[in-house]
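Report on the following structure.
Each reported figure results from applying straightforward, stated rules to the coordinates on display, with no laboratory input. The shown structure was predicted, so the numbers you read here are calculated from the model rather than taken from an experiment. Positions of Cβ are backbone-derived with ideal geometry, glycine not excepted, and every protein chain shown enters the neighbour counts.
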């Protein structure tokens, strides 16, 4: 799993769950990243 994949999952989940309780949150990823930053290696990838 890459940092980008993790961010996309978190952004989707936070947005959905905040709307479900009447909120409106949208996480942001700030900073610079060159290349891929693997966080977890998943078998089969």
Got at least one residue in region 33-44 being under 14 Å from the mean Cα position of the chain (by Cα) and free of Cβ contacts under 8 Å to residues at least 12 places away in the same chain?
no
If I ask for residues that are exposed (fewer than 11 other Cβ atoms within 10 Å of the Cβ) and in a helix (DSSP H, G or I), which ones from region 4-26 would you list?
16, 20
